[in-house]
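One structure below.
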Amino acid sequence: MRIELRLLMRRPVLRPAALILAGLAAAGCAIPVQRGPSTISPNHVPFGLLSPRLPSTTTTQPPASTLVPVTIFLLGANDQLQARSRVVYSPAPLTSVITALLAGPTSSESRQNLATAIPNNVHVLSAVATGTTVTVNFNAAFALVTGANTELAVAQVVATVVTQNGLGTGVIFEIGGQRTSVPIASGAEVAGPVYLWQFI
């Protein structure tokens, strides 16, 4: 028991003044709190905060300004050519315009009895303009269009290309890169160029 009492007597006793000083020292390390905002000198502002840059964002949807209207031709009553509007990305190459044609009528246009003579498995491989002559190259499915539909399909393509490239444009048809003859309104098969007036 004597040993325990001696040890207790050797332990330092913290006085109230010492506790207050320790509390003040700890308070000096705390984060200061202000009652209101204060002005910071520009020299003390971290670099980049005075003129922050907004993060750049990317989107898969192109701005509306990159879309341009074009005209394609579908078939209406009595197989008459009917102009319809489409939008494609700008600049609008002929391949994009013809691709819009090959997509056929919308569901709304189908309810209006508009149709196309071009099957949906026909694709345009290229469309190259050389002055007033445009060479349109289709895949092999275009060769499977038969009968009166062939003439109507040719008329749709020619009218669409002429509207895009200008009056007086002649169209040469190719299938898989090989030039092919197509029918015109008179029933004759021509190797082209084919002109719009040949269907009027």
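The values are calculated or read from the model by the stated rules, or taken from the named source; none is laboratory data. All values derive from a computational prediction rather than experimental measurement. We place every Cβ from the backbone using ideal geometry, glycine too, and count neighbours over all the protein chains shown. Heads up: the accessible areas ignore ligands, DNA and RNA and are worked out on the full protein's heavy atoms, side chains in. Shrake-Rupley method; radii C 1.70, N 1.55, O 1.52, S 1.80 Å.
Summary table
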| item | result |
| --- | --- |
| Criterion violated by VAL88 - all others in (1) within 14 Å of ASN165 (Cα to Cα); (2) in a strand (DSSP E or B); (3) without any contact (Cβ under 8 Å) to a residue 40 or more places away in the chain satisfied | (1) |
| Subset of region 161-183 [part of a helix (DSSP H, G or I) and open to solvent by less than 20 Å² (accessible area, probe 1.4 Å)] | VAL161, VAL162 |
| Filtered residue count, region 107-143, keeping only those that are exposed (fewer than 14 other Cβ atoms within 10 Å of the Cβ) and under 18 Å from LEU196 (Cα atoms) | 2 |
